[in-house]
Amino acid sequence: MMLPSIGIIIIGCIGLCLFSALAGRLLGFRWELAMSVSLTALYGYPGNYILSQESVKAVAEDEEQAKYLSSCIEPQMIIGGFTTVTIASVFVASIFIKFI
């Protein structure tokens, strides 16, 4: 069961990256942000909030810039995490369960 599970995770990540880059381009988002929002399906809510905070701390030079970056990144990451974990993961699991 380990090999099919690893294969499903790899195929799922590749699919998430490709689809999010395409969807991000169509919706006017940068591909980096679109890809990071879609990959929140792997770690869900608490993880995406923590990673957003840590990335802002690593990049921001002052408090004003940190607030701006947080206001740009966090809402998209949190909403992306909720929707991918609750909706998309159930849809994807229903497709891949046939392969196990």
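Assorted remarks:
- Between residue 25 and residue 66, the contour length at 0.36 nm per residue exceeds the alpha carbon distance by 12.2 nm.
- Set against the labelled values (i) 14.0, 47; (ii) 13.5, 41; (iii) 15.2, 50, Rg and Dmax of the Cα atoms in Å computed from this structure falls on (iii).
- Helix content alone sets the calculated 222 nm mean residue ellipticity of the chain: runs of n ≥ 4 DSSP H residues at -39500 (n - 2.57) each, divided across all residues, give -26000 deg cm²/dmol.
- Modelled spin-label separation between residue 91 and residue 78, with each label point placed 7 Å from Cα along the Cα-to-Cβ direction: 2.4 nm.
- The chain: most fluctuating residue of 63, 54, 32 per GNM, C-alpha cutoff 10 Å: 63
- Rounded to the nearest 20 debye, dipole of the chain from Cβ charges on Lys, Arg, Asp, Glu: 540 debye
Computed from the coordinates by the stated procedures, all read-outs in this text should not be read as laboratory data. Predicted model, so just to flag it, every value in this text is computed and none were measured. For neighbour counting, all protein chains shown are included, and Cβ atoms are generated from backbone atoms with ideal geometry for every residue, glycine included.
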